[in-house]
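Notes for the one structure printed next.
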Amino acid sequence: MDIVDNLTLQNEIASLLFENLNVEVPSVHEDLLETGLLDSLKIVELLVELEQRFGMRIPLKELEIDNFRSVIKIAHFVANHKGGVTIPDAGASASPLSTCVRPSLNKVYT
């Protein structure tokens, strides 16, 4: 991922945090957990938003809390996720997933 794509991804994540989770991030380096900007509920909401926005699936076995400490770490996690991601156009709105699997229930919702 080149520098422009990385900055675009960081901006997209900061925008997602602000618009969808009402979390205003003062810096891409800010520790979101230590400052209390992200708590356990917001992390779950963030995971859902990341999956929807970037069309990725995040298995529980791949979750490490340190990957969500800052916008930079979240961007790195998304960019390096083995499923890969497509960075949406800034003007395009993200479309929700048409199918969602809830592992704890082993049911598929459409």
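Residues in the stretch 15-33 that are under 16 Å from VAL44 (Cα atoms) and touching a residue at least 24 places away in the same chain (Cβ under 8 Å): how many?
Count: 6.
Residues SER70, SER27, SER93: which one is exposed (fewer than 11 other Cβ atoms within 10 Å of the Cβ) and modelled with pLDDT of 90 or more?
Just one listed residue meets the conditions, SER27.
Filter the stretch 21-65 down to residues that are within 20 Å of ALA79 (Cα to Cα) and either in contact with a Cys (Cβ under 6 Å, 6 or more places away or on another chain) or among the polar types (S, T, N, Q) (or both), then give me how many there are.
Number of matching residues: 2.
Does the stretch 73-89 contain any residue that is modelled with pLDDT under 85, in a loop (DSSP other than H, G, I, E, B) and aliphatic (A, V, I, L, M)?
yes
Testing VAL44 on (1) outside any loop (DSSP other than H, G, I, E, B); (2) touching a residue at least 12 places away in the same chain (Cβ under 8 Å); (3) surrounded by fewer than 16 Cβ atoms within 10 Å (Cβ to Cβ), one condition comes back false. Which one is that?
If we test VAL44 against (1) outside any loop (DSSP other than H, G, I, E, B); (2) touching a residue at least 12 places away in the same chain (Cβ under 8 Å); (3) surrounded by fewer than 16 Cβ atoms within 10 Å (Cβ to Cβ), just (2) comes out false.
The values are calculated or read from the model by the stated rules, or taken from the named source; none is laboratory data. Please read these numbers as outputs of a predicted model, since none were measured by experiment. Glycine also receives a Cβ, built like all others from the backbone with ideal geometry; neighbour counts cover every protein chain displayed.
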